[in-house]
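Derivation of every value follows stated rules applied to the coordinates shown; laboratory data play no part. For clarity, every value in this text was computed on a predicted model and none was experimentally measured. Backbone-built Cβ (ideal geometry, glycine too); neighbour counts: all protein chains shown.
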Amino acid sequence: MRKKVSMILVTLMMVGTLAACGSLNISNETAMDSVSAESAEDELEQAFSDTESKTSSDKSTQDVDSDKSEEDTDCTASNDNASTVVTTANVTSGGMIDATDMFTDRDLEQTADLSEAEYHTLSDGKDITITAAGVYVISGDAENVTIYVEADDEDKIQLVLDGTSISNDSAPAIYVKSADKVFVTTTDSENSLEVTGDFAGSENEADDTNLDAVVFSKDDLVINGVGTLNITSSDNGVTSKDTLKITGSTINVSCTGNAFEAHDAIEIADGYITVTSCNDGLRAKDSDDDTVGYIYICGGTFDITANDDAIHATTIIQIDDGSLNLAAAECIEGTYIQINGGTITINASDDGINAAQKSSAYTPTFEINDGSLKITMGAGDTDGIDSNGNIYVNGGTVDISGQSTFDYDGTAEYNGGTIIENGSETNTITNQFFGGGPGGGFGGGDHGGPSGGFNDDGFGGGGFGGPGDN
């Protein structure tokens with residue numbers, strides 16, 4: 001019978017060094033006869049009893065709050081082994097995004113089945129190419145090494161980082177060319193991936209893929225585990241051309257581009273995420289398919305400092321739970337922004353939250369049903385919550401400090417919850433500027449909004465947004 005192995009204990013099974021030179025083509029058929037499965041299992045069984053208490057109290061295993069409303073459901077993965085660390089995703093039913101079946105059991109398990117795993121130690125200049133489904137444990141320090149995944153479209157690959165350090169001049173540390181899904185799982189260890197120079201771009205003229213991230217994937221990517229992953233980049237940190245999921249690990253990203261970028265969607269259930277000095281913190285950018293281009297968060301702890309947007313999505317941003325501390329020019333920007341829970345603290349030099357027409361499929365809207373939202377803006381022509389469409393406060397707490405608390409071009413409804421404006425509680429949503437601020441005109445930049453039109457109160461809009469602030 002296979003044993004589920006806690007990632008806290010993976011280091012007990014690390015063996016051997018790859019002595020072959022050049023690129024290494026790895027498949028699940030590779031024999032690792034230096035591994036003594038029997039002795040390793042004996043050590044693990046003893047270690048299980050020593051660490052069981054730590055596992056059960058780990059942050060990654062979250063109990064659903066007993067006082068959660070009956071409208072909230074969870075998608076907890078099954079846990080047949082007491083030593084398995086499993087994240088619980090607190091999903092709000094009835095949200096803009098139906099996330100009931102978003103995360104699979106394997107997404108949420110912060111562990112790997114190591115009964116048939118292969119173990120590899122990095123060496124300078126020697127790439128690793130993985131071509132078959134399986135679990136691959138990577139350790140060691142190396143320079144100018146790329147872990148390639150070139151598997152079949154139905155293959156699931158799990159890369160277990162166990163004390164891994166890769167420093168490259170111009171190529172990704174991990175490059176997923178093809179697979180069904182790739183898991184990047186950290187053990188209870190420190191792992192560092194960095195690219196210090198300019199990215200070389202595509203590998204050849206026939207492939208126009210812009211390789212611009214330390215971890216770059218053309219397919220679905222999941223980051224989980226119980227350890228730490230440090231990413232330093234001269235461009236993007238993590239890029240997925242499909243969907244990016246994060247359900248565990250402590251992830252620290254410092255970059256000049258975007259920390260986490262996905263073409264289709266970003267879905268987060270847990271993890272400790274710190275972003276510094278990046279352009280955007282989280283960015284989902286598909287503008288061709290209205291069913292994607294979204295960001296969904298139902299857990300995790302975030303500390304994001306970004307030069308532009310902390311969280312940016314083309315279609316929907318939905319936050320059901322989590323603790324978010326955001327500092328940026330505009331902290332949350334998307335077409336439809338819905339908050340159903342969590343604790344969110346925003347410090348913005350421009351608008352705290354901006355619901356703008358990024359997608360024609362939705363009316364720009366800000367909606368809060370539960371949770372705590374505290375916004376502090378910088379001086380000048382800034383808004384706490386700026387919607388090029390509508391604002392709905394149905395519950396939760398909205399606490400805004402700044403010159404202009406609300407700015408909307410459509411309608412605003414207060415149906416419940418608490419609103420605090422500059423220290424004073426109110427039950428009305430007062431429009432501070434109509435149609436994007438005085439002066440209208442063709443305003444600008446990435447944050448320009450659409451035409452204001454007429455509000456229900458008869459005030460006209462302000463042309464095509466204010467001077468770059470909508």
Could you tell me whether segment 294-395 comes out rounded, prolate or oblate from its Cα gyration tensor? Rule is a ≥ b ≥ c as square roots of the eigenvalues, rounded for a/c under 1.5, then prolate if a/b exceeds b/c, otherwise oblate.
rounded
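What ranking do GLU116, GLU421, GLU150 get, fewest neighbouring Cβ atoms within 10 angstrom at the top? Before the final figure, lay out each step's value.
Working: GLU116 11, GLU421 20, GLU150 16.
Taking fewest neighbouring Cβ atoms as first place, the list is GLU116, GLU150, GLU421.
Suppose the chain between THR276 and ASN422 were pulled fully straight at 0.36 nm per residue; how much longer would it get relative to their current alpha carbon spacing?
Values: separation 146, 0.36 × 146 = 52.56 nm, distance 2.84 nm.
Between THR276 and ASN422, full extension yields 49.7 nm more.
Between rounded, prolate and oblate, where does segment 230-271 land on the alpha carbon gyration tensor, with a ≥ b ≥ c its root eigenvalues, rounded for a/c under 1.5, else prolate if a/b exceeds b/c? Write out the running numbers ahead of the final one.
Working: a/c = 3.05, a/b = 1.19, b/c = 2.57.
Because a/c hits 1.5 or more and a/b fails to exceed b/c, segment 230-271 counts as oblate.
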Looks like segment 238-302, by Cα gyration tensor root eigenvalues a ≥ b ≥ c and the a/c under 1.5 rounded cutoff (else prolate when a/b is bigger than b/c, oblate otherwise), is oblate
Neighbouring Cβ atoms within 10 Å as the yardstick, rank ARG106, ARG283 fewest first.
ARG106, ARG283
Taking amide H positions as placed 1.01 Å from N in the peptide plane, with prolines and chain starts having none, which residues 5 or more places from THR343, or on another chain, fall under 5 Å of its amide H?
GLY322, SER323, LEU324, SER372
Using the basic label-point model (7 angstrom from Cα toward the beta carbon), what is the GLU150 to TYR414 distance in nanometres?
6.2 nm
Fewest first, what order do SER254, SER217 take by the number of other Cβ atoms within 10 Å?
SER254, SER217
Local electrostatic count at ASP124 - Lys and Arg +1, Asp and Glu -1, tallied over other residues with Cβ under 14 Å:
-3
Do me a favour and compute the ellipsoid semi-axes for segment 356-432 from its Cα gyration tensor, root of five times each eigenvalue, largest one first, whole Å.
19, 16, 10
With bins of 10 Å, the percent of all Cα-Cα pairs of segment 112-447 per bin from 0 is 6, 26, 31, 20, 12, 5, 0
Taking just the alpha-carbon atoms of segment 186-310, what radius of gyration and Dmax come out, in angstrom?
13.8, 41
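Given Cβ point charges of +1 (Lys, Arg) and -1 (Asp, Glu) and nothing else, what value in debye, to the nearest 20, does the dipole of segment 112-447 about its Cα centre take?
Values: 11 positive and 58 negative charges, 151 e Å.
Using only the charged Cβ atoms, the result is roughly 720 debye.
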